[in-house]
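What follows is one structure encoded as structure tokens, with my remarks underneath.
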Amino acid sequence: MDFSFTEEQTLLRNSVQKYLQNTYDFDTRRKVAKSEAGWRKEAYAYFAENGLLGAAIPEDFGGLGGSAVDTMIIAEEFGRALVIEPFLQNAVIAAGFLKAGGTNAQKEELLPAIAGGEAIYAFAYAEPQGRYNLADLTTTATKSGNGYTLNGQKAVVVGAPFAGKLIVTARTSGGQRDADGVTVFIVDKSAKGVSTRDYPTVDGQRASEVTLENVTVGADAVIGEVGGGLKLVEKVTDEAIAALAAESTGAMKVLNDTTIEYSKTRKQFGTPIGKFQVLQHRMVDMFMNYEQSVSITYMVTLKLEEEEAERKKAASAAKVQIGKAGRFIGQQAVQIHGGMGMTDELNVGHYFKRLTVIDTMFGNVDHHLKRYASLS
Amino acid sequence: MDFSFTEEQTLLRNSVQKYLQNTYDFDTRRKVAKSEAGWRKEAYAYFAENGLLGAAIPEDFGGLGGSAVDTMIIAEEFGRALVIEPFLQNAVIAAGFLKAGGTNAQKEELLPAIAGGEAIYAFAYAEPQGRYNLADLTTTATKSGNGYTLNGQKAVVVGAPFAGKLIVTARTSGGQRDADGVTVFIVDKSAKGVSTRDYPTVDGQRASEVTLENVTVGADAVIGEVGGGLKLVEKVTDEAIAALAAESTGAMKVLNDTTIEYSKTRKQFGTPIGKFQVLQHRMVDMFMNYEQSVSITYMVTLKLEEEEAERKKAASAAKVQIGKAGRFIGQQAVQIHGGMGMTDELNVGHYFKRLTVIDTMFGNVDHHLKRYASLS
Amino acid sequence: MDLNYTPEDEAFRAEVRTFIEENQPQHLKGRKRGEYREKEDFLAWHRTLYKKGWLVPSWPAPYNTVTWSPTQKYIWNEENARAETPAILPFGVAMVGPVIYTFGTPEQKERFIPGILSGDVWWCQGYSEPGAGSDLASLKTSAVREGDHYIINGQKTWTTLAQFADWIFVLARTDKNAKAQEGISFFLVDMKTPGITVKPIIMMDGGHEVNEVWFDNVKVPVENRIHEENKGWTCAKFLLSHERAGIAGVARSKNAIGRLKDMLAMEKIDGEKLIDDADFERKIAELEIDLTALEYTELRTLASEQAGKGPGLESSILKIKGTEIQQRITELVMEGVGYYALPFSDPLAHNEFAPGPEYAEGVTQHYANMRKTSIYGGSNEIQRNIIAKMVLGL
Amino acid sequence: MDLNYTPEDEAFRAEVRTFIEENQPQHLKGRKRGEYREKEDFLAWHRTLYKKGWLVPSWPAPYNTVTWSPTQKYIWNEENARAETPAILPFGVAMVGPVIYTFGTPEQKERFIPGILSGDVWWCQGYSEPGAGSDLASLKTSAVREGDHYIINGQKTWTTLAQFADWIFVLARTDKNAKAQEGISFFLVDMKTPGITVKPIIMMDGGHEVNEVWFDNVKVPVENRIHEENKGWTCAKFLLSHERAGIAGVARSKNAIGRLKDMLAMEKIDGEKLIDDADFERKIAELEIDLTALEYTELRTLASEQAGKGPGLESSILKIKGTEIQQRITELVMEGVGYYALPFSDPLAHNEFAPGPEYAEGVTQHYANMRKTSIYGGSNEIQRNIIAKMVLGL
């Protein structure tokens, strides 16, 4: 048992930290989020050039051959800076699908472009009626010739406005919520029949509603097994959950540090508010929530390769812990900052909103408590 | 709308208070609870003589013709003194069954003896497998001649060691958990086939396991409708819940007052612990929990005569509120008292245990949350 | 003890309900997608009530044209919440108005009260300052007497809807050497006076509700000072303790829970109605039960007021529990809509596109915005301090 | 970073497991109905480990016969919890022993250590005093030097299992004029010395676990003082910071949850297994997830210790979260048994009759008793004060 980082991992963390400190201060991030584009291609290019997108992609496919621990380190630092470029969608989710489900040909073709930042993906899985059930799909893919024709609507596809390709889950057989019959496709966003409506999200990111109307793809657009895609989707979303957990600990750390710092300088009734015992204990609870979240992030990261039930339990446990901790820390950071914590000007509200969104992504606390219980 | 007490009610409260202050101090109560008998007949006789047992029994049947508000006042005061004599079992439950379900003949025969303290009842409804489901009955009553033969086992019959009569729920028809087919009987504890094993309970009361083996009763032993007893049982247990709610607010008030008092005198690190803001806010939360419990006690007491669904919702709401408040106040009173709060010598632990037991009686918080939700 | 209203109260309720039905501005009922209120929208209901004579039943003669009992006021609030009428802005009728009729000179009353009542003059509140928070008395804004005028310098913040205001009431320090709460005076200031600048504060929900108000050598005539010089804290305290009715927001929370349940009946989880999900059932039951307890706590306060005992310091309970419940409702609404909690609905410019069901619009922003309720009006921590000290004697 | 144990660690685990299986006192495994421990029951496992040489792996040479890494100690604790071996009483081997080998003279070591190790001498702790609670340094017990002796007067309280003790270690004030933490000395006192009275304290679960120990002119030879006069606080602090391993109780809580789940699989609600009830499913999932997080927090502490950084002040987290979890387990057990939580199981005299299922016996008393865990060992409030000050710098 070993919880230490390798020298390479420490270097990785330091270099990411340094880059973000220099180029990704809060005001810049706020401006970019509000800009027409909503992201900075040059930042994304930097990620690619410095191996962040390929950190966990095998060397054979253009990556650095690292592990989920590298992803954890990057995601945590990205969480501290509230990075909005689509790291999760590409380095974790798209790469994750290809690594676990892609054929050798697909890996050779597609992974290097992810590592290199040339191809940008978004993951179109949720549907308006489906909530967090990954199998609840009304989007269909019917066999036509050698390929498939896709029809359906995908909801809140985060990062889709930046993407050139979509990873789409669709039903090739079975009933609306059956475990069998789910297939994963890669669809060009520019393909005929794909239409998107873009909008900003509350955490400064962008998303789209995606409609697929008789979109035809070839047989090679399938990742993994036809009809057997659910297990793959579950594996990749569990990996995404681990990365989100790491991201959330980065955000929590900033909120905690900011709150402690603020409480030392802000005076009320002539005393720094950090001297009020009630707020001290509240900040201790914030600290404990954070530490417990770090612990569970290590746990889920290290258990991603365990057998399915163990991995799922780990992911759901992590999602519950960070969901609760994120809500508590976010709310209390705002409360202790008082009115200032409510403003758009201070970073507090932005971390608060990001943590709020993270709780929703891939299922909130209630969803994962049920999933955890069903696995026990 | 009026939340004031009548002059008679204020007099009632004052006289109960005075009696208990003079005769029911904590050390006496503790000794009585540990005595062989486990209660004081002379205290019970005093209740009878002074109209406490008949407060809510109609004047025609030997009572004072008061309302549930009178019961609330008495129960609250009894909660403050941790009275162990079986007021609830008799003045509320047994009288409740007769008032709502008894024939005129039954009322004339039996109610005066309750008001007078001559007849002592216990309510044998729970069964080992049934948890809080009042209809989950394996005890059977089969027709034999003009009467019935009862067989079954009743669990944790509080007050049974003191009682001469049992009110027994049994199934005269239907499946184990059917709403229909429940009948309520009065059974002499001395009847052939009734056996009891007595034991103390954690809150200083006494209970019995009751076995009924071919116990025969006459047709006049039935209270209410044969097979239609469940509604009657629900009504009476809702009335019991209202009385328990009142009792719990009395206990909460003592714990809160005691804790505040203690915190003003007890010093740590040279300062009265009541000056520590964390404990101040905790005591504020205890206070708010208490006030909210008083409010909901008024509510349920005043709604006992409303239509069924409204009454049930009120009772379940009250049970949830006092269950949560009782646990919070009990735990925090002990915590703030520190080691001393853990001892048998101080009254704190005894109130803590009584509030703990009250949460269990007639269904705990989870049970009543479900019941409340099912009625919405 | 009983829960029944008197026949008179029931008649009053019927009258109120009919009046509201017939007169409420239908286009302002509740909250609608893509609808942002203009200045006149805030005033429409105010003006209707003024015409009816029902605007200020809490005011004394000669201003009130009706006098309602606490129960009637409670019924009035309940019926307004039920019908989702627009809230009446408190700054004139609930704040500066009572200060003026209590502490003002006859000339001041004559000059200012009519505009407050008619709604023709929009008031805003110059209390809070940067870095002061719940510690109001630590204010730094100064007013220096120069002949017939005071010269005011300083900065106020969190000034709600100052962007629409004609006048502002201001607490300013007139004696720098006095202790915190002494040496403060209460001024009425025309927002058009040179030297006043209003700067918007954008909140994390993207909305513009509050402002900074800067005073740079703002000349205020002496006759605009209320009460004596250095007695402003008396006015401030009076204002803060005044008119706490409805602070618990019970009726509005009941409505909000009703809307939440409607929504949960439309949302699906694994093909079933979300309202039948065990977690939601439990959370809503807990919420409703808490609210029921709070309702009866409010009624008890009301009864004690009715009995002439006045609203006790227990009103802090109403504030704490009321805001906690309001906040929890917004959490459940947000949880209820799943992924459609993500889209940002810009309150400053209509979105081109609003994805998801109508009831989902802006729910996370509303959740974020409602965090303010445990901060403002004396934070919930301050309320607990008050109870600890004043009620529990700690 | 990885979660795997080294092959050496795995081999160690296997060895430990086998040893426990072959040697643990089976009649003391877990908690059985109607079984109350006698003095020798507390010592049985101690004596076995002493014989094996595994009693004090944390002690330095020459006392330890094995030296285990932090990971091995963790494995040792895990395996003991898993097998439900009796806990080793800490008063000798984890408390006074380390104080003696650290601060004692060679004579003191020679005289006291063997009895501690063999278990032949039962020690108890004379720290807490009435009215002191977590504020240990406020102690009033005095030790006045008279020639070759000190005369001790005063009262200690919450002295665990003093009814069995041969010796007690005592903090007493030797300089009344010094500040709180100065002027305290550390004494070893034979319980048979005249003037010592032990009075039982009965707790609210009806059990006799702790005692008052009264000192009335108790004569203690100077050679029984450990460390210099007035340096007792050094020993006290050392003792308090020492041996916090297992403070989180993760392994024992895992076991307790396992037993809880077994029980819930037997209990019924409306004919279904209680373990499939939505509320219990949720509460158990929350509990297990909290415990998982705590387990990894403990492992991180361990890793940092392994890396030579020592257990940080973060160990306060382990105490707070660990006890909160333990307490919640007892709540769920109590809730699980329904009405059979009511019967009182007398720990001082066997009940004539024990109603309900065996697993229900005494559950409410256990729930009540476990409230102590957030009070003792520095209350959880004190632990939060420590983190606020020492870790967060507030």
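Please find, among A:Val300, A:Val334, A:Val357, the residue that is closer than 29 Å to C:Asp270 by Cα and buried (at least 24 other Cβ atoms within 10 Å of the Cβ).
Working: A:Val334 fails: closer than 29 Å to C:Asp270 by Cα; A:Val357 fails: buried (at least 24 other Cβ atoms within 10 Å of the Cβ).
That would be A:Val300, the only listed residue that is closer than 29 Å to C:Asp270 by Cα and buried (at least 24 other Cβ atoms within 10 Å of the Cβ).
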(message) Of the conditions (1) of a type in the set (A, V, I, L, M); (2) in contact (Cβ under 8 Å) with a residue 12 or more places away in the chain; (3) over 12 Å from A:Met252 (Cβ atoms); (4) at the interface with chain D (Cβ under 9 Å from one of its Cβ atoms), A:Val334 satisfies every one except a single condition; which number is it?
(response) (4)
(request) Just give me the residues in region A:91-140 being among the basic types (Lys, Arg) and either within 15 Å of the chain's Cα centre (by Cα) or farther than 12 Å from A:Gly54 by Cβ (or both), in sequence order. (result) A:Lys107, A:Arg131
(request) Mind telling me which of the residues A:Met283, A:Met288 ends up being without any contact (Cβ under 8 Å) to a residue 12 or more places away in the chain, among the hydrophobic types (A, V, I, L, M, F, W, C) and either buried (at least 20 other Cβ atoms within 10 Å of the Cβ) or not assigned by TED's automatic domain parsing to the domain that holds A:Ala126 (or both)? (result) A:Met288
(request) For region A:170-199, name all the residues that are within 14 Å of another protein chain (Cβ to nearest Cβ), surrounded by 15 or more Cβ atoms within 10 Å (Cβ to Cβ) and assigned to a strand (DSSP E or B). (result) A:Thr196, A:Arg197, A:Asp198, A:Tyr199
(message) With outside the structural domain of C:Val56 (by TED's automatic domain parsing), surrounded by 23 or more Cβ atoms within 10 Å (Cβ to Cβ), within 30 Å of A:Ser263 (Cα to Cα) and modelled with pLDDT under 95 as the only criterion, which of C:Gly131, C:Gly126 stands out?
(response) C:Gly126
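Regarding B:Leu375, is this residue crowded, with 23+ Cβ neighbours inside 10 Å and within 21 Å of C:Asp279 (Cα to Cα)?
no
Confirm whether A:Gly175 is outside the structural domain of A:Glu49 (by TED's automatic domain parsing), at positive phi, at pLDDT 95 or above and among the small types (Gly, Ala, Ser).
So A:Gly175 fails the test.
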(message) Looking at the structure I just gave you, is A:Ala135 within 18 Å of A:Leu88 (Cβ to Cβ), in a loop (DSSP other than H, G, I, E, B) and touching a helix residue (DSSP H, G or I) at 6+ places or on another chain (Cβ under 7 Å)?
(response) no
(request) Look at region D:336-351 and say how many of its residues are without any contact (Cβ under 8 Å) to a residue 40 or more places away in the chain and within 8 Å of chain B (Cβ to nearest Cβ). (result) 5
(message) If D:Leu394 meets every condition in (1) over 30 Å from B:Ser208 (Cα atoms); (2) touching a residue at least 40 places away in the same chain (Cβ under 8 Å); (3) surrounded by 17 or more Cβ atoms within 10 Å (Cβ to Cβ) apart from one, which number is that one?
(response) (2)
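Against the definition (modelled with pLDDT under 95 and not in a strand (DSSP E or B)), how does C:Glu281 come out, yes or no?
no
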(request) Being surrounded by 16 or more Cβ atoms within 10 Å (Cβ to Cβ) and more than 14 Å from chain C (Cβ to nearest Cβ) is the filter; apply it to region D:260-269 and report the residue that is nearest to the chain's Cα centre (by Cα). (result) D:Leu260
(request) Could you run through region A:24-44 and say how many residues are surrounded by fewer than 16 Cβ atoms within 10 Å (Cβ to Cβ) and within 26 Å of A:Ala68 (Cβ to Cβ)? (result) 0
(request) Can you run down the residue pairs with Cβ atoms below 7 Å, 6 or more apart or on separate chains, where the first is in region D:229-249 and of a type outside the set (Gly, Ala, Ser) and the partner is modelled with pLDDT under 85? (result) D:Trp233/D:Ala137; D:Trp233/D:Gln181; D:Arg244/D:Pro311; D:Arg244/D:Ser315; D:Ile247/D:Ser315
(request) Please verify whether region C:351-372 includes one or more residues that are among the β-branched types (Val, Ile, Thr), outside the structural domain of C:Tyr74 (by TED's automatic domain parsing), farther than 26 Å from B:Val284 by Cβ and in a helix (DSSP H, G or I). (result) yes
(request) Residue by residue through region C:371-386, note down the ones that are more than 13 Å from A:Val278 (Cβ to Cβ) and within 13 Å of chain B (Cβ to nearest Cβ). (result) C:Ile386
(request) Return only the number of the condition from (1) under 22 Å from B:Phe362 (Cα atoms); (2) facing another protein chain (nearest Cβ under 8 Å); (3) over 24 Å from the mean Cα position of the chain (by Cα) that D:Gln365 does not satisfy. (result) (3)
(request) Kindly indicate the residue of region A:25-72 that is within 23 Å of A:Thr301 (Cβ to Cβ) and hydroxyl-bearing (Ser, Thr, Tyr) and also nearest to the chain's Cα centre (by Cα) among those meeting that condition. (result) A:Thr71
(message) I need a count of the residues in region A:337-376 that are more than 8 Å from chain C (Cβ to nearest Cβ), in a loop (DSSP other than H, G, I, E, B) and within 23 Å of the chain's Cα centre (by Cα).
(response) 3
(request) For residues that are over 28 Å from B:Gly79 (Cβ atoms) and surrounded by fewer than 21 Cβ atoms within 10 Å (Cβ to Cβ), tally how many sit in region B:201-216. (result) 4
(message) Every residue in region A:134-158 that is surrounded by fewer than 19 Cβ atoms within 10 Å (Cβ to Cβ), under 18 Å from A:Gly175 (Cα atoms) and either within 12 Å of another protein chain (Cβ to nearest Cβ) or not β-branched (Val, Ile, Thr) (or both), please.
(response) A:Thr138, A:Lys143, A:Asn151, A:Gln153
(request) Search region B:274-302 for residues being under 17 Å from B:Ile329 (Cα atoms) and of a type in the set (Ser, Thr, Tyr), and hand back the single one that is farthest from the other protein chains (Cβ to nearest Cβ). (result) B:Tyr290
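The values are calculated or read from the model by the stated rules, or taken from the named source; none is laboratory data. Bear in mind the structure is a predicted one, so any value in this text is a computation, not a measurement. When we count neighbours, we look across all protein chains shown, and the Cβ atoms used for this are built from the backbone with ideal geometry, even at glycine.
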